[in-house]
Each structure stands twice: as C-alpha cells, then as structure tokens.
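Reviewing the structure listed below.
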Amino acid sequence: MISRLFLDHPRKVEESYVEHAIFAGWFALRLFAAACAALVHAVIPCLFEKTASRMIATMYAQTHNRGQ
C-alpha cells in the first residue's frame, strides 16, 4: 500500500521519491508564477502579454514524454 501510494508513480517517470518531490514542487512554483503573471495581465493587459503562455509551453515540453 505504501509503495503504491508513494513510489509507483515516481518509478514510472524514472525518478526516486525525493527527485520526484523536488521536480513536482518546482513545477508547482512555476505554475504559481505563471498564474500570477496571468492575473496581472488580466488587470493590466499591456503587461506580461505572453509570459504565462510561454511558461506553460515550456513546462509542457518538459513533461510531455516523461515515463514513456
């Protein structure tokens, strides 16, 4: 049960639990930054015009084929 909850997915993407936790935490911080840029852009449209979409595209490219 513990292995299934905490280790199966990291193994699928060929990472240890700690490596996966670091990657996922960093990914969450980048998502938060993209969300903040999008929120600022929503209020002041001339700011961060392409920042959030560029960040998301970069993150997608980093995760698209992981574990395959």
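Bear in mind these aren't lab numbers, they're just calculated from the coordinates by the rules spelled out. No experiment lies behind these values; they were computed from the predicted model shown. Here the Cβ positions follow ideal geometry from the backbone for every residue, glycine too, while neighbour counts run over all protein chains shown.
Mind checking the angle between helix 51-63 and the chain's longest principal axis? C-alpha axes, 0 to 90 degrees, to the nearest 10. Its long axis makes an angle of about 20 degrees. When Ile44, Ile56 are sorted by how many other C-beta atoms sit within 10 angstrom of their C-beta, beginning with the fewest, the order is Ile44, Ile56. Taking the fewest neighbouring Cβ atoms within 10 Å as the starting point, the ordered list for Tyr17, Tyr60 is Tyr60, Tyr17. Between Leu7 and Gln62, the modelled label-to-label distance comes to 2.7 nm, taking each label 7 Å out from Cα in the direction of the beta carbon. Put in line by how crowded their Cβ is, counting other Cβ atoms within 10 Å and starting with the fewest, Val13, Val43 read Val43, Val13. Assign one of three labels to the chain, namely rounded, prolate or oblate, based on the Cα gyration tensor with a ≥ b ≥ c the square roots of its eigenvalues; rounded applies when a/c is under 1.5, prolate when it is not and a/b is larger than b/c, and oblate otherwise. The shape class here is prolate.
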